[in-house]
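S.K.: Quick one: structure below, then a few questions.
Bear in mind these aren't lab numbers, they're just calculated from the coordinates by the rules spelled out. Every value quoted in this text rests on a predicted model; they were computed, and no experiment measured them. Ideal geometry is used to build each Cβ from the backbone, glycine not excepted, and the neighbour counts take in all protein chains shown.
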Amino acid sequence: MKRNLVLIVMLLAFAVVSSGCMAGPWTAREAVDDWAANTYADNTLLGTVVYVFVWPIGMWLGSIVDLIVLNNVAWWGADIWNGTGTTVDHKNAPNGRTNKEGNKLMEQPNW
């Protein structure tokens, strides 16, 4: 009986985690990406070191946290009830601490 209860709880947990929104908002992963971009904008040498050594690990860990926790909170807590998606707002991400022009991370090229 106890083994069946554990199995049922595990299956329910798997169903909840796997049915969350896989499209996003990927909050932790995007925070790592914004941080790395800001570091690169301030200091290209340090930013390159961050992108080569720190960024892949941070993106992997952020993706795991998002996949298991944050995407599910966004999906089950808001998206499914109001019918709209939740995305990451990059408007508050500066273009490096020393460049006060504003956000350049998500601008499209002017072709």
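S.K.: Please indicate, with yes or no, whether at least one residue in the stretch 31-45 is within 23 Å of T84 (Cα to Cα), surrounded by 15 or more Cβ atoms within 10 Å (Cβ to Cβ) and of a type in the set (D, E, K, R).
M.R.: No, the conditions are met nowhere in the stretch 31-45.
S.K.: Turning to a different aspect of this structure: Kindly indicate whether G83 is at positive phi and free of Cβ contacts under 8 Å to residues at least 12 places away in the same chain. Can you show your working first?
M.R.: Values: at positive phi: yes; free of Cβ contacts under 8 Å to residues at least 12 places away in the same chain: yes.
Judged against the criteria, G83 is a match.
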